[in-house]
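This report refers to the structure that appears directly beneath it.
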Amino acid sequence: MIDIVQAIQAADPSLGTRVIVLRSDSRALASPEALVPEAEAWLAENAPGARLLRKSILLAPYPGGMPAERTVTVMAFAEAQHLAAFATAWTADPEPEDDEAAPEG
């Protein structure tokens, strides 16, 4: 993942250093180009200025491999704290509901 972030930063330095690459199965994504409404609302409240982008980069599949173009979904943040909060809220496994966490019996 670090290689992907470095490739994105090299391809578009205007994004700065506070970027995260979202996997295609991220629960924050409705599609590769759009966030789910809950994630949009969360960003508006907790990370103003965050941007969702699609970026094409050259990336080798393994060290020494032939680089190939790959398009990824990227979130760019104005503040490191915003990136950390987003990663905690939207890339971790969701917490079980209280009734799901209670033992049956």
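Considering the stretch 18-51, and only residues there that are open to solvent by 50 Å² or more (accessible area, probe 1.4 Å) and assigned to a strand (DSSP E or B), the residue that is farthest from A80 (Cα to Cα) turns out to be A30. In the stretch 69-80, of all residues being exposed (fewer than 12 other Cβ atoms within 10 Å of the Cβ) and within 15 Å of I8 (Cβ to Cβ), the one that is nearest to the chain's Cα centre (by Cα) corresponds to T71.
Within the stretch 55-75, the set of residues being out of contact with any Asp or Glu (no Cβ under 7 Å at 6 or more places or on another chain), in a strand (DSSP E or B) and among the hydroxyl-bearing types (S, T, Y) comprises T71, T73. Provide a single number: the residues in the stretch 1-22 that are closer than 16 Å to A92 by Cβ and free of Cβ contacts under 8 Å to residues at least 60 places away in the same chain. The qualifying residues number 2. Restricting attention to the stretch 81-105 and to residues that are at pLDDT 95 or above, under 17 Å from L35 (Cβ atoms) and more than 11 Å from the chain's Cα centre (by Cα), the residue that is surrounded by the most Cβ atoms within 10 Å (Cβ to Cβ) turns out to be H82. Pairs meeting the criteria (first residue in the stretch 84-95 and within 13 Å of W42 (Cβ to Cβ) and among the hydrophobic types (A, V, I, L, M, F, W, C), second residue part of a loop (DSSP other than H, G, I, E, B) and modelled with pLDDT of 90 or more, beta carbons under 6 Å, at least 6 apart or on different chains) are F86/A47; W90/A28.
The sole residue among P13, P37 that is out of contact with any helix residue (DSSP H, G or I) (no Cβ under 8 Å at 6 or more places or on another chain) and at pLDDT below 95 is P13.
The values are calculated or read from the model by the stated rules, or taken from the named source; none is laboratory data. The structure presented is a predicted model; accordingly, all values stated were derived computationally and were not measured. Glycine also receives a Cβ, built like all others from the backbone with ideal geometry; neighbour counts cover every protein chain displayed. Please note that ligands, DNA and RNA were not included when accessible areas were found on the heavy atoms of the full protein model with its side chains. Shrake-Rupley method; radii C 1.70, N 1.55, O 1.52, S 1.80 Å.
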